[in-house]
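Right, one structure below, let's go through it.
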Amino acid sequence: MGNFFTDVISTDSRFSSTTRVADPLLLEPVTRQLVQQIIDAAGNMGITIMIFETYRSQARQQELFNNGATKLRTVGVHRFGLACDIVRVVGGEPSWKGDFSFLGQLAHSSGLIWGGDWGDPTIKHSFVDSVHVQRCTVARQGDLFAGNFYPSNEYNPYTDDPHVLFAAAKMPAKGTGPRAKPRKARPGKTSA
Ligand SMILES: [Zn+2]
């Protein structure tokens, strides 16, 4: 049986795109709906935010890695239409500045995992991405990437098996391949 990744993303012309995709239509429908809910709720709080990136191809991730813009060589949950990067809008431009804890609160109440705490603020995460939300626990990612898991419409990461919810996000092991010398960090721009 197919899912949004196999049926829609895999057949989309942007599947191997190396340019940034911000189209909400490449978000899995429930994720898309929850992201819109978060944008609306932030607006009601007086905070203007926008979708910066939805789908990301492996080709783009590799390019970002080569340019030193990310420490992750392999694309993650973005590739499956289940992750979205949401930034502030300041003067009509995307902005990564300021506190994004509001995004964590809105993500939590919408049923999305926030990259600022990966669903568990009690764990010290070595990798933090405060503009990132996803509809999948960190512990499910391995199965997602392997094609053994894709969330149903009813799936809620916060009611997922507790044993798999509380997994700390880890940085990739050091020295696992050639790595461009990181440029001056552009906070949070392209990570998970
Ligand atoms: Zn992200």
query: Just how far, in whole angstrom, is segment 30-45 from segment 47-90 if you go by their alpha carbon centroids?
result: 18 Å
- request: Give, as a single signed number, the net charge of other residues whose beta carbon lies under 14 Å from the beta carbon of GLN105, with Lys and Arg counted +1 and Asp and Glu -1.
  value: -2
query: Label-point separation (nm) for PHE127 and GLN62, each offset 7 Å from Cα along Cα-to-Cβ?
result: 1.9 nm
- prompt: Once amide H atoms are placed 1.01 Å from N in the peptide plane, what residues at a sequence separation of 5 or more from ASP129, or on another chain, have their amide H within under 5 Å of its amide H?
  reply: GLY116
task: Determine the gain in length on full extension of the stretch PHE15-ASP161; use 0.36 nm per residue of separation and subtract their C-alpha separation, reporting nm with one decimal.
output: 49.4 nm
query: Given R₀ = 30 Å, FRET efficiency for ASP40-SER152 by Cβ-Cβ distance, to 0.05?
result: 0.80
Paired Rg and Dmax values of segment 4-165, which use every Cα atom, in angstrom: 15.0, 43
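Every read-out reported here was derived from the displayed coordinates using simple, explicitly stated rules and does not represent laboratory data. All values derive from a computational prediction rather than experimental measurement. Heads up, the Cβs are rebuilt from the backbone with ideal geometry, glycines too, and the neighbour counts pull from every protein chain shown.
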